[in-house]
Amino acid sequence: MYKSKIAGVGHYVPEKVVTNKDLEEIMDTTNEWIVERTGIEQRRWFDPDKDTVANMGTRAARQALERAQTDVNEIDFIVFATITPDYFFPGSGVLMQRELGLQGIGALDIRNACSGFIYALSTADQFIKTGMYKCILVIGAEIQSSALDKSTEGRSSSVIFADGAGAAIVKRSENGAGILSTHLHADGDFAEELYVKDPGSSRKTRLSQELIDGPTFNLTMNGNTVFKHAVVRFSEVINEALKQNNLSAEDIDLLIPHQANLRISNFVQKQMKLPEDKVFNNIMHYGNTTAASIPIAMSEAWEAGKIKDGDLICMAAFGSGFTWASALMVW
Ligand code: COA
């Protein structure tokens, strides 16, 4: 069995900054409420003339390739995590593959929402372990802002979710460093607690003007239920990873949680008894970018010198499905 490691990370966020003050102009909310309940100060929304999920992914991928000192043609597989693909089908993986000029290699889309990046990383890890592939491009990219109810009615979700992309180059490890374990979980009993109902293939009409104008076309979230489950599952899945590797929370050099909500991250930090500087948060600047949040955070943490060779890095996520997951690695 081979071992895999992240050789480089990159990210891209749309240029348009939307502050809480900007949201005050379009819905009944306040900067104070948003900061207190979520920690978010601003987020990015895509430019329909410029940004697509695939091309944001491509821009993140190019940065990751440069940092991994890897030629694009070394990539032998793509795993693209998104729940907001550019088309109903095919997935955004093939669109990004085309943009990178990699026609012919396999491209897989993963639809596991906020846990999507860790599911994608775990998938890449399995392919590298078996020796089937040597260099896999793993992407998390989302455009959530086009499916948010930006009226007062939708304010509890629309202030949270946002757009962006992150990428990781996952390669066969040559020096013993790399991914120690990944743990993936799901519980479909809670599928409708955080979801977008339409367009859906099981209804008579996939899409109509009535659906577009109605409430089911936008993201729907039962925030309280999500919160209660998230705080339990995050710690649970981190402890599962530590236990499997005979490690303890004190061994973690940096925890990169999915950027769901600053209150959730702070809760997990206290539960795990980690010092503040061992948990990386950037939700203040970007909101919750679903599958993109972990690779964006990882890329910024790396830029800030918070991830160094030999560090024990833990990632954990919780989101729609419900799904939850963790990945533990030596950088
Ligand atoms: N601005 C101002 N007021 C708002 C608001 C907003 N953006 N959104 C909701 N409110 C109001 C509600 O209407 C309600 O008013 P009422 O008491 O007059 O009825 C009040 O604030 C409390 O609403 P509630 O939904 O109970 O708030 P909350 O404290 O649970 O916070 C969330 C809402 C969404 C921030 C919180 O539930 C949460 O963080 N959930 C987890 C969400 C998450 O992490 N999702 C991503 C998972 S991947």
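Figures for the structure shown
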quantity: P(r) tail fraction, the range 179-330 - alpha-carbon pairs more than 23 Å apart, %; calculated: 41
quantity: Point-to-point label distance, Glu153-Glu15, nm (Cα→Cβ direction, 7 Å offset); calculated: 3.4
quantity: ³J(HN,Hα), Karplus 6.51/-1.76/1.60, whole Hz, each residue of the range 188-198, x for Gly, Pro; calculated: x, 4, 10, 3, 8, 7, 8, 6, 10, 6, 10
quantity: Hull volume in cubic angstrom per residue (convex hull over the Cα atoms of the range 241-297); calculated: 86
quantity: For Ile110, residues with placed amide H under 5 Å, excluding near neighbours; calculated: Phe80, Ala81, Thr82
quantity: Lys, Arg +1 and Asp, Glu -1 on Cβ, resulting dipole of the range 97-185 about Cα centre, debye, nearest 20; calculated: 280
quantity: Chain lengthening between Asn224 and Gln103 when straightened (0.36 nm per residue, less Cα-Cα); calculated: 39.1 nm
quantity: Where only C-alpha atoms are counted, convex hull volume of the range 205-268 per residue in Å³; calculated: 133
quantity: Residues whose placed amide H lies under 5 Å from that of Val279, excluding near-sequence neighbours; calculated: Leu255
quantity: Kirkwood-based shape ratio for the range 38-150, expressed as Rg/Rh from alpha carbons; calculated: 0.98
quantity: Likely footprinting exposure, Met329, Met221, fewest C-beta neighbours within 10 Å first; calculated: Met221, Met329
quantity: Listed residue (Asn31, Ser248, Ala297) projecting farthest to the positive dipole end of the chain, Cβ model; calculated: Ser248
quantity: Where the Cα pairs of the chain fall when distances are cut into 20 Å bins, in %; calculated: 34, 59, 7
quantity: Estimated FRET transfer efficiency (Asn246, Glu74; beta-carbon r; R0 45 Å; 0.05); calculated: 0.85
quantity: Label-point gap, in nm, between Arg203 and Tyr87 - each point 7 angstrom along Cα→Cβ; calculated: 2.3
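None of the figures in this text is laboratory data; all of them are computed from the coordinates on show. Everything numeric in this text was worked out from a predicted model, so none of it was measured. Backbone-built Cβ (ideal geometry, glycine too); neighbour counts: all protein chains shown.
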